[in-house]
Amino acid sequence: MTTESALRYAYYPGCSLSTGAKEYDISVRAVFAQLGIELVELEDWNCCGAVHAGVNSAEAGVVLPARNLALAEAQGFDTVVVPCSGCYLNLRRAGKRVAADKGVRAMVDEHLKDGLELKGDIEVLHPLYALLYDYGLDRIKAQVVNPLSELHVASYYGCMLTRPRDVFDSPERPRGLDDVARALGAQVVDYPMKAKCCGGALALSHSDVTATLTGNILVSAKDAEADVVMLACPMCHTALDMYQGKAERAIGHSLNLPVLYFTQLMGLALGLDPDSLGFERHLVSPKQELVRLGF
Amino acid sequence: MAAGNQTDEKTFLEEVMETEGGRLVLQCYGCGTCSGSCPVIDEMEYGPRRILYLIQQNQEAAVLSSTDMWRCVSCYSCANRCPRDIQITDLMADLRRLSLAKGYAHDKEAEFAQAFAETVQLHGRMFEPEVIGRYYARVLDLVDLAGMVPLGIKMLLKGKLPFLPERLEDPKEIELMGVTDSVAPKIATGLRFSGNSGGKRRPRGSMWNGVASLFAGIAIKLGKGKAS
């Protein structure tokens, strides 16, 4: 899979990255460009359905994500990079189901517009895994110009990046983000809640649940003396950053723990302009940490 | 496509076993690893272990009228650890669908799921302001809404809420998929103070549908000028 030949992927941003999580979108594109990896945004992509697409119709829960894979094939790609953990799971799973079951493939094709079909031999990767397994950590390490040696990073994995169990990382003791943080020269802190759920799925309907689960994670990271939390999912970011105020009220004390996307920290370490990485868009400002690091 | 009250005599257990997540429910021997791993077990009436047991016992009303599947956060901790490989998280999603189709659902998350599905069906992509609008029109929970206003203002100031929906070239393509088509499309009741279960569902949200379509139509017209 990995060689010196230039990597080129279809890119599925998903709904969050085109609106609320624009800073993740910006930093993924910037980092991949800096590393010489080509990302081509999928034309006319649709919502993957999150956890709701199949709530009325089980078929729709497969067809909605599968349409994006069919588009990727039609647009000449063999791999799609998907930065939202929820979208990543939906697309990856739809691809697997179509590949494994002719009946599912026929059902999907029947629901797609004429001329569009899914052959099912398309790979779906989270950008973290594209970097780790297609590109290679050593090559990233070699391009670090600003080692983040003064930064204590708590990697937060959430759920759908590593679960259900897949081939890339451990669902119980994941390490992919920690490996990236170390390659950037940062100090990795270990803490027990790194793979526990933030409750982001219930952020609107049961926000108290989200606040409590998120509070437990942030307290755990803070106790481990993290300066920042680093993650790879816009839903997790919504919970840990945007709901941090509610989490503080739920646990009864303040936290003030900046929550950054792993691609933002990669951008800093790789020498990209800090002003181009969207740090000003977070509700919990990371400014103090950036200044301390000399950015 | 037939309505739910047809003559087939399938038991609840059989119905569950026909779903993707429910195939292996009879494999459960009740070890409780799922409930012990669940981050929202305190929010649940039964928890996954007892839900599995109740399914095995054919207790349709108890299972489908509980709110447990609506509190599931889809974290896959239970499924990952299940020694019998039961896909419990997927099962929870299948139970959501069954509880909606049979008119048992009564949880705010059920309303949120419908608000989300309707928005995606209309645009092909998510549009947060519309999802939020449709959701609060369904639950009519002003206290909750008021609690969200400060966060909503912060999000607006940070440019995290879009003003216009993004749409597909041909949103009709998504209509083909039937995201909102259910055996029975509406939820039993969405009001937070309702504790009923299994009652006749009544159509809700039709007024909002009209308002939303109008709003979306205007937004799209405005957007046409700006966007590509």
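The values are calculated or read from the model by the stated rules, or taken from the named source; none is laboratory data. Bear in mind that the values here come from a model prediction, so they are computed numbers and not experimental data. Here the Cβ is made from the backbone with ideal geometry for all residues, glycine too, and neighbour counts use every protein chain on show. Accessible surface areas use protein heavy atoms only, side chains included; no ligands, DNA or RNA. Shrake-Rupley method; radii C 1.70, N 1.55, O 1.52, S 1.80 Å.
Scanning segment A:133-145 for residues that are open to solvent by less than 50 Å² (accessible area, probe 1.4 Å) and of a type in the set (V, I, T) turns up A:I140, A:V144. Just one residue in the set B:L91, B:L122, B:L98 is more than 8 Å from chain A (Cβ to nearest Cβ), under 27 Å from A:T19 (Cβ atoms) and in contact (Cβ under 8 Å) with a residue 60 or more places away in the chain; that residue is B:L122.
Residue-by-condition table, conditions (1) part of a helix (DSSP H, G or I); (2) of a type outside the set (S, T, Y); (3) touching an Asp or Glu at 6+ places or on another chain (Cβ under 9 Å):
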{"site": "A:L218", "(1), (2), (3)": "yes, yes, yes"}
{"site": "A:K222", "(1), (2), (3)": "yes, yes, no"}
{"site": "A:A226", "(1), (2), (3)": "no, yes, no"}
{"site": "A:V229", "(1), (2), (3)": "no, yes, yes"}
{"site": "A:M235", "(1), (2), (3)": "yes, yes, no"}
{"site": "A:T238", "(1), (2), (3)": "yes, no, no"}
{"site": "A:K246", "(1), (2), (3)": "yes, yes, yes"}
{"site": "A:S254", "(1), (2), (3)": "no, no, yes"}
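Taken together, the residues in segment B:147-172 that are more than 8 Å from every other protein chain (Cβ to nearest Cβ) and open to solvent by less than 60 Å² (accessible area, probe 1.4 Å) amount to 4. What are the residues in segment A:151-168 that are touching a residue at least 24 places away in the same chain (Cβ under 8 Å), open to solvent by 10 Å² or more (accessible area, probe 1.4 Å) and away from chain B (no Cβ under 12 Å), if any? Hits for segment A:151-168 are A:H152, A:F168.
Would you mind stating whether A:L118 is under 14 Å from the mean Cα position of the chain (by Cα), hydrophobic (A, V, I, L, M, F, W, C) and more than 30 Å from A:D275 (Cα to Cα)? No, not satisfied. Once segment A:194-216 is narrowed to residues that are open to solvent by 30 Å² or more (accessible area, probe 1.4 Å) and in a helix (DSSP H, G or I), the residue that is nearest to the other protein chains (Cβ to nearest Cβ) is A:A201. A:L148 meets each of the listed conditions (1) open to solvent by 10 Å² or more (accessible area, probe 1.4 Å); (2) closer than 26 Å to A:S220 by Cα apart from (1).
Selection of first residues in segment A:270-287 that are free of Cβ contacts under 8 Å to residues at least 40 places away in the same chain and of second residues that are part of a loop (DSSP other than H, G, I, E, B), restricted to Cβ pairs under 6 Å at least 6 apart or on distinct chains, gives the following pairs, ordered by first then second residue: A:P274/A:F295.
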